[in-house]
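The next block holds one structure in the form of structure tokens; read it before the comments.
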Amino acid sequence: MAMTGSQIAKGGFENEQSVADKFNNWKNDIDAQQWLKIMMYNLNEIEYVHAEKIGQKGYKSDINVVIRIYIKKKHLETVENIQVKLVSSKDKGYNQVEKRKVDYYIPNWHIVPKVANLLKLYDGELPPRPNSRNPKRMFVDEFTPDEQALLHRFFQKNLIMIISDVIRGRGRFAAEWSLIIQSYEDTYNWKLIAVNEAISIYAGDCQVVFTKQGNIRLGTITLQRKGGDNGADTANMLQFKANPLILFEDQTVNE
């Protein structure tokens, strides 16, 4: 839960596998020892730690850590799922946290057909209406006032659930912890935070805002059309972008 200067600079850091390696070398690694303490483990009770990078795509966790402790004459084993966010700038670390087509969200978020159609117009899955300013998609400010109100009500009602899904995820490898590692100008910092607290920070003021650019902001998270991909069908997705650096300290995020 606390930010600290890291020893990563001395040991080297490249990717998520490096985090797993540090956990596996916890007896000699100061950072890994601090991470375990933040997760409320007593180092004197730990028998072993085994961390692996999660190879499957689509999960919110990057590292799976198995920790075995010996306490009160019993051997206990626990598992911690950790997502790792790497940031190489000082102030801005916007990155994609989720990208999918609208149909994926319909059952989980109970999206009604009218809202689904608006979202598909927004991300380009459906062709835009005549006079749209972009031939590939529509922007929120191009919807009618009633349509904007419908879309706003949907996101406002479901904001925390949506942010939870795009940050924590669901199922076996849902994230329990978020580890942010910031590296710039030979300076390394990290913060390990419980994912529930991360969700609260990302939610910000818990308000849904339609931006001047015609996009959608959910708390501090921006929802936009993915785009790119040389115009391929994969460009027509909803994309959620967040700045993990706000987990270091509360700050206002502007598009």
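Odds and ends about this structure:
- Residues of the stretch 120-152 satisfying the condition of being part of a helix (DSSP H, G or I) and either within 25 Å of the chain's Cα centre (by Cα) or touching a residue at least 60 places away in the same chain (Cβ under 8 Å) (or both): Lys120, Leu121, Tyr122, Asp123, Val140, Asp141, Glu142, Gln148, Leu151, His152
- The listed residue being modelled with pLDDT of 85 or more, in contact with a strand residue (DSSP E or B) (Cβ under 8 Å, 6 or more places away or on another chain) and either in a helix (DSSP H, G or I) or polar (S, T, N, Q) (or both), out of Ala51, Ala20, Ala9: Ala20
- Scope the stretch 179-228; condition of a type in the set (S, T, N, Q) and more than 22 Å from Ser89 (Cα to Cα); matching residues: Asn196, Ser200, Gln207, Thr211, Gln213, Asn215, Gln224
- Of all the criteria given as (1) open to solvent by 60 Å² or more (accessible area, probe 1.4 Å); (2) in contact with a Ser or Thr (Cβ under 7 Å, 6 or more places away or on another chain), the one not satisfied by Asn81 is (1).
- Here the strands (runs of 3 or more DSSP E) wholly within the stretch 158-255 that include at least 3 residues being more than 30 Å from Val65 (Cβ to Cβ) are 208-210, 221-225.
- Picking from residues in the stretch 191-223 that are of a type in the set (Lys, Arg) and modelled with pLDDT under 95, the one that is least open to solvent (accessible area, probe 1.4 Å) is Lys191.
For (1) in contact with a Lys or Arg (Cβ under 6 Å, 6 or more places away or on another chain); (2) under 30 Å from Lys37 (Cβ atoms); (3) open to solvent by 20 Å² or more (accessible area, probe 1.4 Å), each residue gets a yes or a no:
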site	(1), (2), (3)
Asn117	no, no, yes
Leu121	no, no, no
Asn134	no, no, yes
Asp165	no, yes, yes
Arg170	no, yes, yes
Ala174	yes, yes, no
Ser178	no, yes, no
Gln182	no, yes, no
Asn189	no, yes, yes
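- Residue match in the stretch 32-46 (condition: assigned to a strand (DSSP E or B), modelled with pLDDT of 95 or more and over 19 Å from Trp190 (Cβ atoms)): yes
The values are calculated or read from the model by the stated rules, or taken from the named source; none is laboratory data. Every value quoted in this text rests on a predicted model; they were computed, and no experiment measured them. We place every Cβ from the backbone using ideal geometry, glycine too, and count neighbours over all the protein chains shown. Areas reflect the complete protein model, heavy atoms only, side chains present, ligands, DNA and RNA absent. Shrake-Rupley method; radii C 1.70, N 1.55, O 1.52, S 1.80 Å.
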